[in-house]
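A.B. asks: Structure provided below as structure tokens; questions to follow.
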């Protein structure tokens, strides 16, 4: 295992801190990571640094029940593109298999999905056996998985078995969220019944999934130097935009090249950084407007605009219409075509 491999700290520094009301700079400093350039570039860390952040979050959280509180809030809160792998799927088993492919985009954890007799079992562990995943993070994965499934099925799905390496008090804390008392086990796992494994998702969206899969594949391939730079930039942007970062400096740092080198390579491919940024935002905006029910302000947030008005001005420049008008025109066209 390459211990120099780094992972986005977005889930810890932006999502978790915002939900819990913890100052991200204080969290990083307390974890011994104060030198990381929070707010100036994409924040990435090794597996150990990532897990140090979560251990520190447990200390700084104003809520003793921060694991179940955070798990529920993440599943119902900010739009995180990786979770579309689950919500776009036709059923629980398919969604979890898809999510497992891209789990590393959320941090240094591996998700395994397999049949354990008649049950569908999910297991979560560190990407590196030498750097164990904190028990609290394992518990969080279990709560988030179950809550995501409930949201996608609109049904009170409960686990039939679960476990993680936590105290009895810690396990009781999430028992109500899972619907079963977790056992103490080295592996963080949750199992679902055969009926729930094939339970249909009301959020199934096969047309959106094709686009989301392409974007996430680009994210995984962003560090592959054999890919065209424009594609690698797009992959990095999909990762950075939910954290509000769209600067060329942020992207260059993520690709481990200088800003001038990034701009030069894009020129050699006949494009520019601004062109790639605009095209990425335009394509994603049209996708979300045509294939989801996300509001314009939610789409603006995903695309890292300051507010919905800024997004609307850009969208009007691209298409000649405001986002809401674009969606209404499309809906009216489909309705008339159906007649």
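A.B. asks: If you scan region 80-121, which residues turn out to be more than 26 Å from residue 302 (Cβ to Cβ) and crowded, with 18+ Cβ neighbours inside 10 Å?
C.D. replies: Across region 80-121, the qualifying residues are 93, 113, 120, 121.
A.B. asks: Which residue out of 202, 299 is out of contact with any strand residue (DSSP E or B) (no Cβ under 7 Å at 6 or more places or on another chain) and more than 18 Å from residue 81 (Cβ to Cβ)? Show your work before the answer.
C.D. replies: Working: 299 fails: more than 18 Å from residue 81 (Cβ to Cβ).
Criteria check complete, one pass: 202.
A.B. asks: Can you work out which of the residues in region 65-76 that are at pLDDT 90 or above and either more than 20 Å from residue 242 (Cα to Cα) or buried (at least 20 other Cβ atoms within 10 Å of the Cβ) (or both) is farthest from the chain's Cα centre (by Cα)? Quick ask: steps written out before the conclusion?
C.D. replies: Restricting attention to region 65-76, the residues satisfying the condition of being at pLDDT 90 or above are 65-73.
Restricting the remaining residues to those that are either more than 20 Å from residue 242 (Cα to Cα) or buried (at least 20 other Cβ atoms within 10 Å of the Cβ) (or both) gives 65-71.
Numbers: 65: 22, 66: 19, 67: 17, 68: 18, 69: 18, 70: 14, 71: 13 Å.
So the residue we want is 65.
A.B. asks: Follow-up question, since we're still on this one. Residues of region 25-44 being in a helix (DSSP H, G or I), in contact (Cβ under 8 Å) with a residue 12 or more places away in the chain and surrounded by fewer than 21 Cβ atoms within 10 Å (Cβ to Cβ), which ones? Working first, answer last.
C.D. replies: Step one: filter region 25-44 for residues in a helix (DSSP H, G or I), giving 25-30.
Narrowing further to those that are in contact (Cβ under 8 Å) with a residue 12 or more places away in the chain: 25-28, 30.
Correct list: 25, 26, 30.
A.B. asks: Just a yes or no: is a residue in region 167-180 within 19 Å of residue 100 (Cα to Cα) and touching a strand residue (DSSP E or B) at 6+ places or on another chain (Cβ under 7 Å)?
C.D. replies: Within region 167-180, the first condition is being within 19 Å of residue 100 (Cα to Cα), and the residues that meet it are none.
No; the residues of region 167-180 include none that is within 19 Å of residue 100 (Cα to Cα) and touching a strand residue (DSSP E or B) at 6+ places or on another chain (Cβ under 7 Å).
A.B. asks: So, of the residues in region 306-318 that are without any contact (Cβ under 8 Å) to a residue 24 or more places away in the chain and surrounded by 15 or more Cβ atoms within 10 Å (Cβ to Cβ), which turns out to be nearest to residue 80 (Cα to Cα)?
C.D. replies: Of the residues in region 306-318, the ones without any contact (Cβ under 8 Å) to a residue 24 or more places away in the chain are 306-310, 312-313, 316-317.
Subset that is surrounded by 15 or more Cβ atoms within 10 Å (Cβ to Cβ): 308, 312.
Working: 308: 18, 312: 21 Å.
Across region 306-318, the extreme among qualifying residues is 308.
A.B. asks: Continuing with this model, one more query. Can residue 295 be described as in contact with a helix residue (DSSP H, G or I) (Cβ under 9 Å, 6 or more places away or on another chain), assigned by TED's automatic domain parsing to the domain that holds residue 232 and either within 26 Å of residue 44 (Cα to Cα) or touching a residue at least 40 places away in the same chain (Cβ under 8 Å) (or both)? Steps first, please.
C.D. replies: Working: in contact with a helix residue (DSSP H, G or I) (Cβ under 9 Å, 6 or more places away or on another chain): yes; assigned by TED's automatic domain parsing to the domain that holds residue 232: yes; either within 26 Å of residue 44 (Cα to Cα) or touching a residue at least 40 places away in the same chain (Cβ under 8 Å) (or both): no.
No, not satisfied.
The values are calculated or read from the model by the stated rules, or taken from the named source; none is laboratory data. Keep in mind the model is a prediction, meaning the values are calculated, not measured. Positions of Cβ are generated from backbone atoms using ideal geometry, with glycine treated the same way; all protein chains shown enter the neighbour counts.
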